[in-house]
Amino acid sequence: MSVNTFGRLFRCTTWGESHGLAIGVTVDGCPPGIPLNEAMLQHWLDRRRPGQNRFMTQRRESDEVEILSGTFEGTTTGTPIQLLIRNQDQRSKDYTEIVEKFRPGHADFTYWRKYGIRDHRGGGRASARETASRVAAGGVAREVLKSLAPSIQVTGWLAQMGEIAINPDHFDSEEIERNPFWSPDGITAKDWAVLLERIRKSGDSIGAAIECVASGVPPGLGAPVYGKLDADLAAAMMSINAVKGVEIGVGMGAASLKGSENADEIVPGADGPNFKSNNAGGVLGGISTGQDIVVRFSVKPASSILIPRQTIDKSGAATNVATKGRHDPCVGIRAVPVAEAMMACVLADHLLLDRGQIGTTRELSC
C-alpha cells in the first residue's frame with residue numbers, strides 16, 4: 001500500500017504526478033470557522049513557484065490554487081478541504097532518454113523494483129513538483145495556527161549551499177525575503193549566486209542545508225513515547241524530496257558535548273522560567289518547552305544533471321545517462337517554503353491533538 005497521508009487529526013493527503021493534468025491535496029480535520037480563501041494560500045505557493053529566476057528550474061507554472069470544497073463564504077466548514085493545482089508546462093519529451101534507464105541517485109530504480117512500473121516523465125510522484133501540494137496544505141495549517149495559537153511564527157531560510165554557509169554574525173531576518181536564496185545573510189547570498197551560476201553552466205547540481213524555526217510555540221505540545229513532537233517534525237522533514245538528514249537543535253553536534261555543556265540551564269524569569277541556551281531545539285522528552293523549535297536538514301544535489309553518469313537499463317545492462325530538461329541546480333532553494341509548510345502542518349496537528357487530550361488552549365507562559 002502506498003502511503004500518501006501525513007498527520008493524525010490535521011490530515012493531509014497529496015495526489016497527482018509531475019506531468020499529469022494536476023496535483024493537489026485533501027486536508028481533513030481542519031476545524032470549522034477558520035477564515036480561508038485562495039489568496040491566503042496563493043501567497044505561500046508563489047514563494048515556491050518555479051521559473052522565478054535563473055537559479056531555479058525554468059518550468060513555467062502559475063501554481064494557482066483552487067479550493068474545491070470545505071469552505072463556505074470564506075470560512076472552513078469542518079469538512080474535507082480539496083485543493084487543486086493544475087499543471088501547465090510539462091515537456092514529457094525531455095525525458096525520452098530515461099524511459100529505459102535509471103538516473104543514479106534518483107528514485108527511478110527503487111520505484112521500478114517496487115511497483116514494476118514507473119512514470120519517467122519528470123519522476124512522477126517522486127518529483128519535487130509534489131511539494132507544491134504540501135505548501136498549499138501548509139497555507140491552511142498557518143490559518144489554523146493564526147486562529148488557535150496566534151503567537152506561533154514559522155520562518156525558514158537557506159543556511160548552506162555546498163561548502164559555503166551563512167555567517168551567524170550577519171544574520172538579518174528581514175534579508176530573507178530580499179534575495180532569491182531565502183538567505184538571512186546578504187553577503188553569503190552573493191557568494192551563492194557566483195557558485196550556482198558556475199554549477200548551472202557546468203550542467204551539475206549542488207546540495208544545501210535549510211533551517212526552520214518556529215517561535216512562540218506554547219510549552220506542552222507533543223507526547224511521550226511515540227507521539228513526540230520532534231519525532232514527527234523529523235519524519236515530516238525527512239519526507240521532503242531529496243532530504244537525507246534531519247537535526248533538532250544542536251543535533252549531531254550533541255555527540256561532541258559533555259552533559260554540562262549540552263543541558264539547557266533553567267532560571268526564574270519575570271514571565272516564567274528562562275532557558276539559558278537551546279541545544280534541545282525547543283523539545284524535551286518529545287514535548288515543547290516554549291522555546292524556539294529549531295530544525296535543520298540537508299538536501300542532496302539533484303540527480304537530474306547533464307553530466308553523463310554510469311547506470312544500468314531495465315535489462316540490467318551497463319549504460320550511461322544524462323538528463324535533459326529543466327531542473328533546479330540546487331533544490332534546496334525551493335525547499336525553504338516546503339520546510340515551513342511541513343513545520344506548520346505538524347504544529348497544527350499537535351495543537352489539535354493537545355487540545356483534544358488536555359481540553360484547553362495552551363498559553364505561551366508556564
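The values are calculated or read from the model by the stated rules, or taken from the named source; none is laboratory data. Note that the coordinates shown come from a computational prediction; the quantities given were computed from them, not determined experimentally. Cβ placement follows ideal geometry from the backbone for every residue including glycine, while neighbour counts extend to all protein chains displayed. Remember, those area values only see protein heavy atoms, side chains included, never the ligands or the DNA or RNA. Shrake-Rupley method; radii C 1.70, N 1.55, O 1.52, S 1.80 Å.
Things worth noting here:
- Set Ile199, Ile164, Ile187: member being touching a Leu at 6+ places or on another chain (Cβ under 9 Å) and either modelled with pLDDT under 95 or not charged (D, E, K, R) (or both): Ile164
- Scanning region 274-284 for residues that are under 19 Å from Ala214 (Cβ atoms) and either open to solvent by less than 60 Å² (accessible area, probe 1.4 Å) or touching an Asp or Glu at 6+ places or on another chain (Cβ under 6 Å) (or both) returns Phe275, Ser277, Asn278, Asn279, Ala280, Gly281, Gly282, Val283.
- The listed residues are Ala165, Ala214, and the only one of them that is buried (at least 22 other Cβ atoms within 10 Å of the Cβ) and among the small types (Gly, Ala, Ser) turns out to be Ala214.
- Per the listing Gly207, Gly156, Gly203, Gly162, the residue uniquely within 25 Å of Cys12 (Cβ to Cβ) and touching a residue at least 12 places away in the same chain (Cβ under 8 Å) is Gly156.
- Test: Thr188 is open to solvent by 20 Å² or more (accessible area, probe 1.4 Å) and either of a type outside the set (Gly, Ala, Ser) or within 23 Å of Ser304 (Cα to Cα) (or both): no
- Among the conditions (1) closer than 30 Å to Ser303 by Cβ; (2) out of contact with any Pro (no Cβ under 8 Å at 6 or more places or on another chain), Gly220 misses just one, which is (1).
- Taken together, the residues in region 1-33 that are open to solvent by less than 10 Å² (accessible area, probe 1.4 Å) and hydrophobic (A, V, I, L, M, F, W, C) amount to 6.
- For region 173-181, the count of residues that are open to solvent by less than 30 Å² (accessible area, probe 1.4 Å) and under 22 Å from Gly245 (Cα atoms) is at least one.
- Residue, modelled with the highest pLDDT, within region 296-316, restricted to residues that are of a type in the set (Val, Ile, Thr) and surrounded by fewer than 17 Cβ atoms within 10 Å (Cβ to Cβ): Ile312
- Test: Thr319 is open to solvent by less than 60 Å² (accessible area, probe 1.4 Å) and in contact with a Phe, Trp or Tyr (Cβ under 9 Å, 6 or more places away or on another chain): no
- Residue check: Gly220 meets all listed conditions (1) in contact (Cβ under 8 Å) with a residue 12 or more places away in the chain; (2) out of contact with any Lys or Arg (no Cβ under 9 Å at 6 or more places or on another chain) but one, namely (2).
- Some residue of region 354-362 being under 23 Å from Ala159 (Cα atoms) and in contact (Cβ under 8 Å) with a residue 12 or more places away in the chain: no
- Selected residue (criterion: surrounded by the most Cβ atoms within 10 Å (Cβ to Cβ)) from residues of region 223-273 that are out of contact with any Lys or Arg (no Cβ under 6 Å at 6 or more places or on another chain) and among the basic types (Lys, Arg): Lys228
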